[in-house]
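One structure is given here, and the rest of the page talks about it.
A short reminder: the numbers here are calculations on the coordinates, not readings from a lab. Every value quoted in this text rests on a predicted model; they were computed, and no experiment measured them. Cβ placement follows ideal geometry from the backbone for every residue including glycine, while neighbour counts extend to all protein chains displayed.
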Amino acid sequence: MKTILVAVDPQHDADRVLARAAQLSEQHKAAVVVMHVLDDMGVMEPEMRAAAGRHARATLETLIDAPRFARAPTLRVEFGIPHRCVTKAAHELSADIVVIGPGQPSTLLQRVFGSTADRIVRMASVPVLVVRGEHARRYGTVAAAMDFSPLSEAALEAVRGLAPDARITLVHAYEAPLPFEQAMLQAGTLPDDAEHFRRSRMNDCRRQLLDLARSHGREENVLILQGAPGAALVELSQGGRVDLVAMGTQGRSATAEVLLGSVARRLLSEAGCDVLVVGPARE
């Protein structure tokens, strides 16, 4: 990891986000660019825009504790639509990762289409680390959510690079499809037989996870959760057992996978630890 782009809003979790960026910078000896985007809606006069830019830069300088970083961060203040500016900057800088806070939807439009954080996660061409945890110590325990897709494997590779010393557990949440369970009940399947089926499927998933770990030359732990993936992963993240959850997510349009994707969006808003999200690569 060579370059970390940190997008901060001084009014929301900036200290926490910068502390995590400093930890990663120190661990990986990476350069850090700290960015703040001002959305002036195109109505500011040039003099007001210049003054606002100077004030934003001064605010960033007061927030940054330079000695905590491997090298002094570069500051970047821009005007525009925040998620577009951040994803464009990540591409221009060839950033290895974007570090942001979870944000809070502040308008009806954001509640429907997602906060700035949601949009950055959906649109970024590099992994995005959403800082939710209280502490910025090195990641010690990581849960990599696996659905056996290429994107979940990409998330696993990304988290191995981000936290090379962490203990990684491959996690899969299994929930029997409701129509299938209803069909079993209608067919007169006994409860014990239905439970045996669930256990059999969960054991199959466990073997797949073990095979996946071995295919990468690793002997990582595996964990099968029962229930809907979003709820199961949120519960795991809030239990104090992991410092970070990594996952892949689909889509870059507002309609793909119900906007951001229900599992990723739920984790961003409810997780009890940091979340690393990897989307499809773009040219």
Residue separation times 0.36 nm, minus the C-alpha to C-alpha distance between LEU210 and ARG241: what's the value? 9.1 nm
Work out from phi, with θ = phi - 60° and the Karplus expression 6.51 cos²θ - 1.76 cosθ + 1.60, the ³J(HN,Hα) of each residue of region 262-279, listed in order in whole Hz, and give x for Gly and Pro. 4, 5, 4, 5, 5, 4, 4, 9, 10, 4, x, 8, 5, 10, 9, 10, 10, x
Rounded to the nearest 20 debye, what is the charge dipole size of region 1-136 about its Cα centre when +1 sits on each Lys and Arg Cβ and -1 on each Asp and Glu Cβ? 360 debye
Could you work out the local net charge near GLY227, counting Lys and Arg as +1, Asp and Glu as -1, over the other residues with Cβ closer than 10 Å to its Cβ? -2
Give me a comma-separated list of calculated 3J(HN,Hα) values for region 15-31, in order, Karplus coefficients 6.51, -1.76, 1.60 applied at θ = phi - 60°, integers in Hz, x for any Gly or Pro. 4, 5, 5, 5, 5, 5, 4, 5, 4, 5, 4, 5, 5, 9, 6, 9, 6
The extension gain from PHE148 to ALA58, computed as 0.36 nm times the residue separation minus the Cα-Cα distance, is 27.8 nm
Calculate the FRET efficiency for ASP65 and GLU175 from the Cβ-Cβ distance with a Förster distance of 41 Å, rounded to the nearest 0.05. 0.40
Compute the Rg to Rh ratio over region 1-136 from the alpha carbon atoms, using the Kirkwood formula for Rh, and round to two decimal places. 0.95
How long is the gain from ARG218 to ASP165 if the chain were fully straight, where each residue apart is worth 0.36 nm and the alpha carbon distance is subtracted? 17.8 nm
